[in-house]
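K.L.:
The structure is given below, and queries will be raised subsequently.
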Amino acid sequence: MSDLMLQGVGMTSARTRDRLIQRLVDQGVTNMRVLDVMRNTPRHIFLDEALAHRAYEDTALPIGHGQTLSQPYTVARMTEILLGAAGKLDKVLEVGTGSGYQTTVLAQLVPQVYSVERIKPLQDKARERLRQLGLRNVSLRHADGGFGWPEMGPYEGILSTAAPHAVPQELLKQLAPSGVLVIPIGGREQHLHLIMRDGDSDNFVTRVIEPVKFVPLVSGTSR
């Protein structure tokens, strides 16, 4: 990752970033690989300049088009759950590229990330950020996230950054044997779910993890 991107507006002192990481640890995040990536990822570049000074707060922030940059704790927690529940992770599908922040975290931890985004301007910005950061193991697609990206599947892991009311069956179909899906489910009240495929069967084991708050998973695409 380019050292250039770690400088300039919003990239505050190492102490500020360490304070964020300590907050994640205090909330129960234990995966050191995830914590190191979170510490070294320049979160400020995923925000408009007016909000860059708030980049290392543990809070969700607006990125336009009614979408948000997820809270760092949520990104760390979902990533940790995905890595912990899956065996070997070669290919991961992300539903909802958004700003590209979660994408960037994943891309530093798994060999190949496929990410689907329904809002074209957000995808275009994310593509530029990934290019600036020199991350070449990410493929982006402008499409309805609820349908995943079947042509590139199956995936050992799928992570959704938007909440449907029920588990999209299309995503379950794209899980590799023993694959895992990490996804928020619900409307006004949402809970993070870990759904694990039982070997190569059509059986799935579900664990409800904790309450979360995400934007809804909306169908269709927007230019």
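K.L.:
T104: among the β-branched types (V, I, T), crowded, with 23+ Cβ neighbours inside 10 Å and modelled with pLDDT of 90 or more, yes or no?
P.N.:
Yes, satisfied.
K.L.:
Do you know which residues across the range 199-209 are in contact with a helix residue (DSSP H, G or I) (Cβ under 8 Å, 6 or more places away or on another chain) and over 17 Å from L171 (Cα atoms)?
P.N.:
The one that is in contact with a helix residue (DSSP H, G or I) (Cβ under 8 Å, 6 or more places away or on another chain) and over 17 Å from L171 (Cα atoms): I209.
K.L.:
Of all residues being buried (at least 19 other Cβ atoms within 10 Å of the Cβ) and among the charged types (D, E, K, R) in the range 46-90, which is farthest from Q112 (Cα to Cα)? Just the residue, please.
P.N.:
Filtering first and then ranking leaves R77.
K.L.:
Quick test for you: out of V116, V110, pick the one residue that is open to solvent by less than 30 Å² (accessible area, probe 1.4 Å) and in contact with a Lys or Arg (Cβ under 6 Å, 6 or more places away or on another chain).
P.N.:
Going through V116, V110 in turn, just one is open to solvent by less than 30 Å² (accessible area, probe 1.4 Å) and in contact with a Lys or Arg (Cβ under 6 Å, 6 or more places away or on another chain): V116.
K.L.:
Hey, another quick one. Which residue pairs have Cβ atoms closer than 7 Å, lie 6 or more positions apart in sequence or on different chains, and pair a first residue in the range 52-64 that is of a type outside the set (K, R) with a second residue that is surrounded by fewer than 15 Cβ atoms within 10 Å (Cβ to Cβ)?
P.N.:
That search, which allows pairs on different chains as well, returns A52/V9; Y56/T16; L61/R54.
K.L.:
Look at the range 14-29 and say how many of its residues are open to solvent by 30 Å² or more (accessible area, probe 1.4 Å), in a helix (DSSP H, G or I) and modelled with pLDDT of 95 or more.
P.N.:
Total meeting the criteria: 4.
K.L.:
Output the qualifying pairs, or none if there are none: Cβ atoms under 8 angstrom, residues six or more apart or on different chains, first residue in the range 165-180 and within 16 Å of L83 (Cβ to Cβ), second residue part of a helix (DSSP H, G or I) and open to solvent by less than 10 Å² (accessible area, probe 1.4 Å).
P.N.:
V180/L82
K.L.:
State which residue is farthest from L194 (Cα to Cα) when the search covers only the range 84-120 and only residues that are in a helix (DSSP H, G or I) and touching a residue at least 60 places away in the same chain (Cβ under 8 Å).
P.N.:
By that ranking, first place goes to K120.
The values are calculated or read from the model by the stated rules, or taken from the named source; none is laboratory data. Owing to the predicted nature of the structure, the values given are computational and were not obtained by experimental measurement. With ideal geometry, Cβ positions are generated from the backbone for all residues, glycine too; neighbour counts draw on all protein chains shown. Surface accessibility is based on the protein's heavy atoms, side chains included, excluding ligands, DNA and RNA. Shrake-Rupley method; radii C 1.70, N 1.55, O 1.52, S 1.80 Å.
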